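Some notes on the structure that comes next.
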């Protein structure tokens, strides 16, 4: 098989490492078919796999992820929001039961408030340890005192309280919907509209550098509002909703914006529309923007697949993104994207830092996790399914990794013939740790590898940077069919059997345009009528090879009554073949064409296919003109005779008087359609004297027989 280029799946190269690629050939007996390689070395393709307890660092290094600990598990559907009291206690607001949970630093959890509303969308904790919960669809703000007493702190009169944030003076700001107002509420619970955005929803808010920064849904605006309630737009995003914000040093604002399909009516609550909204709403991609203090804005990252639900700054140049892309937490920094962790739950809805660790909540199974500071003891990365474009067999699996003392990297393979792995795929092969070993998996079109990383001494992690799998398409037999033997006397011409003569057009006097066919090649016409050409037969067929291999063909023949095929030619390289049948006895024959892909395979690996033609006749014997006789008739003469042919019907009859032009004649019964025909030719108005009449008969194979008779008048 010839391949124009080595098949590669590129993934980002690993920074800070000097690596090499061990090009490993296929195990077993060597052959002339080219070996291809599936190469994975970029962070994009590593992230395209399915991770479990592994991270993909920039640029393209797979390591064990920070250790995950489940802080809180609930039967609720979503944990929309998180808050931290600064003393090690984490709070989570749920839906669709409207609860507030707490988890202290010892891991003890409890419900601190129940049935506040259907959804607890936002949380905040004041300096005294009181928890404030914003709800929907009641649009209430509840206060939960440290002793557990709860009360309605403020009624917004709207449907949603999307966000809550305190300023340095203890005032609470609430972003709401459906009117898109921001309320300022004093510590004694008295509040009023602080700012009207003119948007439908205020989705997120942060207080930094003495100002309130908010993101809206409607046209997707980022506002900055000063303490006097005067606002200005920092940026108008391309998307319709600013889902979350993060403020960094130097007045920098990060904005996560999500797009929606045309005609959508409002923001979603996780994967489900908010109460009373269009249940056909869907996210359609998202972007992360960086807005500098001077207003300069750049789009750091965009995806048509991932929805960003939350962001959290971790350093001057890195920010974490919680997404709805299979519950993944991504890290964006210096223009590169890395995978921090992934969980089974489909959405990461909120994340924050608490007591030196990352804490995040999920939806579609309400969970709260903490990440780090240690690393996981083991983790796996299952690659995407790779298409080799044909049934293939597998060679050496090699990789590049830095493996600390006591750590390990193990690989397995599985294969199948469906694009999406399912139960028809093979089981995972036995694990291999020897670089370049050949995993034992059945030949198939699609393949996946699974890397299992184990930690070493002191919790150190392996660093996997490149994976290479050698493969070669399994040889498949060629196909050959459509074998046709052209009729006798029909030479093969370029363009196929049905080649049409050139079309000629001409404008006659009076403006009448006519079109007709003309044969200008006198040589071609002479060849078609030549006696030697009638014995040349042509066969054509169709052939293909699923591996793209070159083919050669062998042509055999036999008479119908025979059993043994005899070769005509055994090294034909085209899908047509012409041969001379002049030495073949008249009769019915079959042709057999055998195709083989031997030119691109070793003899022991080459495969073949064959096809047999329909029976065809070889007729090299001319018809016989016999029993010629003449009789006188009034004013002329009649010539009679018999035509006969051993193989095919006589199809044409002509006569010539005294060497003149050939004139058409007909059988006595009016039809030339059988192997034996009687005929009678009437010659009227003959001059007195001696005349010679020539008779010519042509059979269906183009053979010509003739005779003559002398007439005396």
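The numbers here are math on the coordinates, done by the rules we state, and not lab data. Keep in mind it's a predicted model, so treat the numbers as computed, not measured. FYI the Cβ positions are ideal-geometry reconstructions off the backbone, even for glycines, and counts take in every protein chain you see.
Extension gain, residue 302 to residue 479, is 59.0 nm, computed as 0.36 nm per intervening residue step minus the present C-alpha separation. Between residue 571 and residue 105, the contour length at 0.36 nm per residue exceeds the Cα-Cα span by 159.5 nm.
In terms of Cα atoms, the Rg and Dmax of region 532-670 work out to 23.4, 82 Å. With a Förster radius of 51 Å applied to the C-beta separation of residue 588 and residue 326, the computed FRET efficiency comes to 0.15. Residues within the reach of a label modelled at residue 617 (point 7 angstrom out along Cα to beta-carbon, backbone nitrogen below 13 Å), restricted to region 634-673, are 644-652, 673. If R0 is taken as 30 Å, the Cβ-Cβ distance between residue 428 and residue 334 corresponds to a FRET efficiency of 0.25. Potential lengthening of the chain between residue 440 and residue 673 amounts to 77.0 nm, from the contour at 0.36 nm per residue minus the alpha-carbon distance. With only the Cα atoms considered, the chain has a convex hull volume of 285 Å³ per residue. For the chain, the 222 nm mean residue ellipticity estimated from helices alone, with every DSSP H stretch of n ≥ 4 adding -39500 (n - 2.57) and the total spread over all residues, rounds to -500 deg cm²/dmol. Explain nothing, just the number: relative contact order of the chain, from Cα pairs under 8 Å at least 6 residues apart, as a whole percent. Taking the mean separation of contacting Cα pairs over the length of the chain, I get 10 percent.
Computed with the Debye formula from one identical point scatterer per Cα of region 81-153, without solvent, the log10 of I(q)/I(0) at q = 0.13, 0.16, 0.17 Å⁻¹ comes to -0.30, -0.46, -0.52.
Spin-label model, residue 602/residue 690: points 7 Å from Cα along the beta carbon direction are separated by 8.2 nm. If R0 is taken as 30 Å, the Cβ-Cβ distance between residue 249 and residue 196 corresponds to a FRET efficiency of 0.50. Globularity index of region 624-712 is 1.05 (Cα radius of gyration / 2.2 N^0.38 Å, N = number of residues). Computed from label points 7 Å out along Cα-Cβ, the spacing between residue 73 and residue 564 is 8.0 nm. Evaluated at q = 0.07, 0.11, 0.14, 0.16 Å⁻¹, the base-10 log of the normalised Debye intensity for region 67-375, with identical point scatterers placed on the Cα atoms, takes the values -0.23, -0.59, -1.02, -1.41.
Shape descriptor for region 540-579: Rg over Rh equals 1.05 (Cα atoms; Rh from the Kirkwood inverse mean 1/r).
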